[in-house]
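These notes are about the structure you will find just below.
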Amino acid sequence: MPATTEQLTKYEKIETFVKGFKLSGAAYKRVMALLHQEMNNGLRKQSHTMADIKMFPTFVRSLPDGSEKGEFLALDLGGTNFRVLLVRLQAVDIDIQSKTYLIPQRIMLGTGTQNCKVEIVAVVNDAVGTLMSAAHGDRNCEIGLILGTGCNACYMEYLDNVGTWKNDEDHHPKQVIINTEWGAFGDNGCLDFMRTEYDTELDTFSINPGKQIMEKMISGMYMGEIVRLVLERLTREGLLFRSVDRECALFERGRFYTKYVSEIESDTDEFFRNTKQVLDELHVESYTTEDCKIVKYVCTLISARAAFLAAAGLATLINRLNKQDMTIAVDGSLYRFHPRFHNLMCLKIKELVKPGLKFKLSLSHDGSGKGAALTAAVSLRLRNMKLGGASSSSGDSTSNIACETVKVMA
């Protein structure tokens, strides 16, 4: 006879509320199979329109080969700030000078016609910039991953597999970087088998219900809120904290930041200094060491699921490329600052990739500057080759190159 709720210990009761975050290896392999299918749908011309994962060709056709030289202007356009970077590419070294400006309201609301006369060589999002930056020093790097506020990946794909490629006359090189936009994976309901009640509630109260389902289970924008929802449920069930003021920030949507998860999981002893500091910031008036253990446990479960799901996505790409040695360029605040994310991902990728395939995760630096400049340099190198000119992407003057190399963050 199954045990009644009253017969369960406190921790057994807690498990009933968090068990949905513990997924089997078979579940992650199912995710991989579904993701592979959805990627193919995005690449095919016939199914692209209806596909959730759009697999957009970026028109970036090559990775850096080491010959890129010269001076390039990279423009990093954000929501309120405009960063201008002068990037000097040399045989070995890269020198970057930058300055950041606040975008005036009159420019935001202006006509948009009083700009400089420039030719846009490349429009690059953060994933592509991350890949290009790391690939400059690592010829085995063909995948870029963003794990920050959002989650996205890009990779180098053969043109023969890209049914949406429209430039029939431009088949050299026979490859193109694909921007997967895989955050939308699951929008059609295919991931419902692994979603928890907390995922559903988060999605319901989000600004885009039913959209970006995979991203909502991984990225830094949402991880803290999922933790908060679980802690709130455990508190209301009498399993966490003896007494909590109903005005406590723990009951306020969006008040448990993802940075708290990283801080809490950085606690390595029984004193729980970081955890206690977080609880103090949330105005939890009374808590015990046992409460701190439970809070940390919830954080570890949710961050592990996020890391394993991201790993399943990367393993899908690694298996798809099927190359002996593969480097994945990674950037983003979640990956940079979470104390366990890197190791958790490596553990799960190793479990999921084909036997014999080797990989490493490499932190990429300044995709919006270095990566953008390299993208422009590669574009010019390929253009010169097609025109029968020099294979180098260098130029005679800064102004000449600057007018041809504009990069805007998507």
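The values are calculated or read from the model by the stated rules, or taken from the named source; none is laboratory data. In this text the structure is predicted, and so the values were computed from the model without any measurement. Cβ placement follows ideal geometry from the backbone for every residue including glycine, while neighbour counts extend to all protein chains displayed.
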Going by the conditions given, is SER303 under 29 Å from VAL123 (Cβ atoms), in a helix (DSSP H, G or I) and of a type outside the set (Val, Ile, Thr)?
no
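Which members of segment 53-84 meet the condition of being among the acidic types (Asp, Glu) and under 24 Å from the mean Cα position of the chain (by Cα)? Spell out the reasoning first.
First pass over segment 53-84, keeping only residues among the acidic types (Asp, Glu): 65, 68, 71, 76.
If the condition is that a residue be among the acidic types (Asp, Glu) and under 24 Å from the mean Cα position of the chain (by Cα), then ASP76 is the only one that fits.
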Quick check on SER286: is it modelled with pLDDT of 95 or more, of a type in the set (Ser, Thr, Tyr) and farther than 23 Å from MET55 by Cα?
no
Restricting attention to segment 283-296, which residues are assigned to a helix (DSSP H, G or I) and either touching a residue at least 60 places away in the same chain (Cβ under 8 Å) or surrounded by fewer than 14 Cβ atoms within 10 Å (Cβ to Cβ) (or both)?
THR289, GLU290, ILE294, VAL295
Would you call GLY388 farther than 30 Å from ILE302 by Cβ, at pLDDT 90 or above and part of a loop (DSSP other than H, G, I, E, B)?
no
Would you check which residues across segment 251-282 are assigned to a loop (DSSP other than H, G, I, E, B), under 27 Å from the mean Cα position of the chain (by Cα) and buried (at least 19 other Cβ atoms within 10 Å of the Cβ) and list them?
PHE256, ASP267
Going through segment 357-377 in order, the residues found to be part of a helix (DSSP H, G or I) and more than 27 Å from SER333 (Cβ to Cβ) are ALA377
Neighbours by Cβ (under 9 Å, 6+ apart or cross-chain): first from segment 362-389, loosely packed, with under 15 Cβ neighbours inside 10 Å; second among the basic types (Lys, Arg):
LEU363/ARG336; GLY389/ARG383
Considering only segment 165-191, how many residues are farther than 28 Å from SER303 by Cα and surrounded by fewer than 17 Cβ atoms within 10 Å (Cβ to Cβ)?
9
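Can you tell me which residue among LYS354, LYS350 is more than 30 Å from LEU240 (Cα to Cα) and in a loop (DSSP other than H, G, I, E, B)? Steps first, answer last, please.
On the way: LYS350 fails: in a loop (DSSP other than H, G, I, E, B).
Being more than 30 Å from LEU240 (Cα to Cα) and in a loop (DSSP other than H, G, I, E, B) holds for just one of LYS354, LYS350, which is LYS354.
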When residues of segment 124-164 are filtered for being crowded, with 24+ Cβ neighbours inside 10 Å and more than 19 Å from THR375 (Cβ to Cβ), how many remain?
2
Please pick out the residue among GLY112, GLY66 that is at pLDDT below 80, farther than 17 Å from ASP331 by Cα, assigned to a loop (DSSP other than H, G, I, E, B) and of a type in the set (Gly, Ala, Ser).
GLY112
Segment 7-31, subset hydroxyl-bearing (Ser, Thr, Tyr) and part of a loop (DSSP other than H, G, I, E, B), residue nearest to LEU352 (Cα to Cα):
SER24
Just checking, how many residues over segment 35-63 are outside any loop (DSSP other than H, G, I, E, B), in contact (Cβ under 8 Å) with a residue 40 or more places away in the chain and not aliphatic (A, V, I, L, M)?
5
